[in-house]
Amino acid sequence: AKYERKTLFRSWFFRIFSILSLVVLFLMNLAMVTEVGDAAWMFRAVPSTIPYFNLLILNVAQAIIAVFLASDFLKRDKKLDTTEVIYMRSMTNGEYVIGKTMGNIQVFMILNFAVLLMAMIFNFIAPDTQIPWLSYLLYLVLISIPTLVFIMGLSFLLMSLIRNQAVTFVIILGYIGVTLFLVKASYYYVFDYMAFNIPMLESQVVGLGNLDLILGHRGIYFFLGAGFIFLTIFLLKRLPQSEGTTWASVVLSAIFISAGVFLAFNHVNRFVVRDRIRAEALVLNNQYARKPAADVTRHEISLEHKGSTLVSQSAIDLKNLNAVKIDTLVLSLNPGLQVKSAQLNGQSVQPIRKEQLILIPVPGSMAPGQSATIGLEYEGNIDESFCYLDIDNKKQNEKYGDFVINVDKRYAFLTPEYVLLTPEANWYPTSGTTYSPKFFGWNKVSFTDFKLKVKTDAGLQAVSQGEISSAEPGRFEFKNENPLSMISLSIGKYVQKKMKAGKVEFGIWHIEGHDFFSKALPEI
């Protein structure tokens, strides 16, 4: 590793590449923090954008350069006639290959640290931003390291099998071109080994919204690369020095490659299951969208926020404004929320749960103009697969972001420190079904007198429609003077500050170092 590192540092090919990378990224970072416009605003508003951008651009370049440097050591040893000097040493093939790998990775890590240091300087000089310390570590581990391990392992393996550097270059560079320019984000990012398309922007409020997905995806290429490296140890044409090390490399190679294939299967299956769930939800909505739905005239919600779960009770007044009787009340509620008990007109009933629908039979039916009261207790979290059923899978999978920055699409947040629930998340029961592509009857709007009570941690602030009152920290009540068709809820940290601009005072939302105007006096 030591001598491989020294050799690479003496390479003018690597020196020129490093200097060009730093100069280009410096100019691009300077433009990010000085230019005005929507694109420039994103780089200042979310501090983690700069390290994310820098490592993403560097990752594409170093993935290509690593092919030349990683596959060069076998040829270089032979060309310079240093093979015997190295091979005569009493070292195992494992020490030889792993040492070469570590030498290559160490050289690229120094370049990565230089790029991150540059990002940190621009984070310092950018106005009104904080340093996202965790982002620097996350992006280094999740973007650079898996890519380097994979491309080096693949280069080693192909050089060992093909034994021709030129052919190896053509194959790997062709593979890079196909994945980067043709495949892109297709097949649920599974071929995106450089992390160029998978959403990875980290928010200072909610972190990485798809961390489990990213860990699985980057694990695919880390384990495949490690498996290829151990397989190269077995295939290396040299006296192994240790028979145990040779066969251990075969076992480790099989384990790592199997782990990579398993993660790849789980990654794709995750999206396939989501698509199937959404398709089944639409079929179910189509089945019940034609049934008459009662109008909700009053809805009182008592909600307790417990970490990543909700515990809620709903008292709902309904009225049949249809011209026909209703024998079964159809309600919609996110299937991540489990119904614990139900009452109809004060009597306990056993509801029928079908995924996102709750069916409550009405004894003797509900005549036109007749009213009923439902009480529900439910708890759990939000399954985002059932949000926005009216948006097709192709549209959902389209890139959201700017330039090379990719932002994950999230439809609800339910974490210990931050909650965001919109009506599309179905976080409270509604009458009828949600979207149905076959029957327009689903689109039934009820104007409801909403009353919402929220209990959360004392250090958090709840925000929703209506006039707010708070008897004690962590307890809030929202009352609306006029009926609404729907409500939302957000819970987060809140610090009120006042600024003066001339004669105007502003109320400010302050979240993790970022200020957002929440209210301005009419004089503005």
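Things to note:
- Geometric descriptor of region 91-198, per residue, is 144 Å³ (volume of the convex hull of the Cα atoms).
- Amide proton proximity set for T448, modelled H, under 5 Å, gap of 5+: L484, S485
- Annotation: amide H-H contacts under 5 Å for D327 (H modelled 1.01 Å from N, sequence separation of 5 or more, or interchain): M366.
- Relative to the dominant Cα principal axis of the chain, helix 49-79 is inclined by about 30°.
- Selection from F234, V419, A119, by position along the positive dipole direction of the chain (Cβ): F234
- Excluding ligands, DNA and RNA, the accessible surface per residue across the chain is 49 Å² with a 1.4 Å probe.
- Gap separating the Cα centres of region 449-465 and region 310-354, nearest whole Å: 23 Å
- Percent of Cα-Cα distances greater than 22 Å, calculated over region 268-355: 43 percent
- Region 143-186: C-alpha gyration tensor shape, a/c 1.5 cut-off, then a/b vs b/c: oblate
- Projecting the Cα positions of Q461, S385, N480 onto the charge dipole of the chain (unit charges on Cβ atoms of Lys, Arg, Asp and Glu, taken about the Cα centre) puts S385 furthest along the positive direction.
- In the chain, the DSSP-assigned H stretches of four residues or longer account for a calculated mean residue ellipticity at 222 nm of -14500 deg cm²/dmol, using -39500 (n - 2.57) per stretch and the full residue count as denominator.
- When each of K399/K493; K354/K394; K2/K100 is checked by Cα-Cα distance, pairs over 19 Å: K399/K493; K354/K394
- Dipole of the chain, positive direction: furthest Cα of T49, T373, S341, with charges on the beta-carbon: T49
- Computed P(r) (all Cα pairs; region 219-372; 10 Å bins; percent): 9, 23, 20, 12, 10, 11, 9, 5, 2, 0
- Solvent accessible area, Å² - L263, 1.4 Å probe, full protein context: 40 Å²
- Gyration tensor over alpha-carbon atoms, region 355-407, equivalent ellipsoid semi-axes in Å: 41, 14, 10
- Within the accessible area of the chain (1.4 Å probe), percent carbon and sulfur: 61 percent
- Global size of region 147-288 as Cα Rg and Dmax, reported in angstrom: 19.2, 72
- Under a model in which nothing but the beta-carbon of Lys, Arg (+1) and Asp, Glu (-1) is charged, the chain shows a dipole of about 1180 debye around its Cα centre.
- Cα gyration tensor shape of region 167-245, rounded if a/c is under 1.5, else prolate or oblate by comparing a/b with b/c: oblate
- Karplus-derived 3J(HN,Hα), 6.51/-1.76/1.60, for each residue of region 272-288, Hz, glycine and proline x: 4, 4, 4, 5, 5, 4, 5, 5, 5, 5, 5, 4, 5, 4, 4, 5, 10
- Nearest-10 value in Å² for the accessible area of S446, using the 1.4 Å probe: 20 Å²
- Prolate/oblate/rounded call for region 332-382, Cα gyration tensor, a/c under 1.5 rounded: prolate
- Within the assembled protein chains, the solvent-accessible surface assigned to K291 is about 90 Å², based on a 1.4 Å probe.
- Amide H within-cut-off set for S203, under 5 Å, with H built and near neighbours excluded: L208, G209
- Working note: Cα atoms of the chain, range along each principal axis, descending, whole Å: 95, 60, 37.
- For region 431-494, the mean projected area of the C-alpha convex hull, equal to one quarter of the hull surface, is 5.4 nm².
The values are calculated or read from the model by the stated rules, or taken from the named source; none is laboratory data. This is a predicted model, so every value here is computed, not measured. Every residue, glycine among them, receives a Cβ derived from its backbone with ideal geometry; neighbour counts consider all protein chains shown. We work out accessible area using only protein heavy atoms, side chains counted, and drop any ligands, DNA or RNA first. Shrake-Rupley method; radii C 1.70, N 1.55, O 1.52, S 1.80 Å.
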